[in-house]
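Notes for the one structure printed next.
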Amino acid sequence: MTVRDNLALIRRQVEAACARVGRNPADVRIIAVTKYVDAARAQEVLHAGIGDLGENRSEQLLEKYEALGNRATWHFIGTLQSRKVKEVIDKVDYIHSLDRLSLAKEIEKRAARPVKCFVQVNVSGEATKHGLAPEETIPFIEQLRSFSRIEVVGLMTMAPHTDDEAVLRSCFRRLRVLKERVQEFGWAHAPCTELSMGMSNDYVIAVEEGATWIRIGSALVGSL
Ligand SMILES: *Cc1c(COP(=O)(O)O)cnc(C)c1O
């Protein structure tokens, strides 16, 4: 399947999901996760009309950036080691994996401009997953008030690996409720309007539960 064909299918699913819950499909943005594929395939994504690319490792992000530069909007979606921050910070537009103060401090130190960050939350509590516990999230975001280079644009989560729709739905719903609680504080540094949730196998449910950014890899670009 071409990227275009895959994209058409995903867009139809997103539109249908939005229609079911009364959302505007324009409020759901697709990030093409290109970690499985080479720069040529990533270029195909841009030609298909998706300008947002996501990578989860700094090496791969730098490699793709080398080829495509600022023709794409770059999303860092994986665990970010503090020592790698300086390599990627002037290339990425969004970081989806802010989950600790040491990382925030490194971003603050290295960034020349405010960086749009999602705070990653481990909603499901699985030991293998990164992210803050839900109850740690608000105190963490409050601590970022004095950071001039961090804008908390939203929350991000990875749902558990399961086909159980009820489990997935409850995970996404809890993230949305948490996001709404953050918004109620009205913090200037944390508008927190966005929800980064939903991947190839669960994006339909994520959209029904309010995702504004879905991160799609295999269903869009394949896993060559
Ligand atoms: C790989 C990855 C994705 C995309 O995964 P698919 O299941 O292939 O869509 C999304 N988010 C993160 C954080 C990832 O690492």
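Here, each number is a calculation from the coordinates, and none is a lab measurement. Quick caveat, the model's predicted, so the values are computed rather than measured. Using ideal geometry, Cβ is built from the backbone for each residue, glycine included, and neighbour counts are taken over all protein chains shown.
Structure data summary
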| quantity | calculated |
| --- | --- |
| Listed residue (ALA32, VAL21, TRP74) projecting farthest to the positive dipole end of region 1-112, Cβ model | VAL21 |
| Cβ charges +1 (Lys, Arg) and -1 (Asp, Glu), total dipole of region 22-154, debye | 280 |
| Gyration tensor over alpha-carbon atoms, region 88-188, equivalent ellipsoid semi-axes in Å | 25, 15, 11 |
| Charged-residue dipole, Cβ positions (Lys, Arg, Asp, Glu), the chain about Cα centre, Debye nearest 20 | 420 |
| Expected-Rg normalisation [2.2 N^0.38 Å, Cα atoms] applied to region 10-137 | 1.15 |
| Of LYS64/LYS105; LYS64/LYS84; LYS84/LYS116; LYS35/LYS64; LYS35/LYS91, pairs whose Cα-Cα distance is over 21 Å | LYS64/LYS105 |
| For region 176-224, size of Cβ-based charge dipole, Lys and Arg +1, Asp and Glu -1, in debye | 120 |
| Descending Cα extents along the principal axes, region 1-61, whole Å | 40, 24, 15 |
| Choice from LEU195, LEU103, LEU61 with maximal GNM fluctuation in the chain (Cα, 10 Å cutoff) | LEU103 |
| J(HN,Hα) series, region 100-112, from Karplus relation 6.51 cos²θ - 1.76 cosθ + 1.60, nearest Hz, glycine and proline x | 6, 5, 4, 5, 4, 5, 5, 4, 4, 6, 9, 7, 8 |
| Reciprocal mean inverse distance between Cα atoms of region 19-92 - Kirkwood radius, Å | 13.1 |
| Spacing of the two label points (7 Å from each Cα toward its C-beta) at LEU62 and PHE185, in nm | 3.4 |
| Average projected area [Cα convex hull, the chain], square nanometres | 11.6 |
| Under-5 Å amide H pairs with SER97, H placed in peptide plane, nonlocal only | PHE118 |
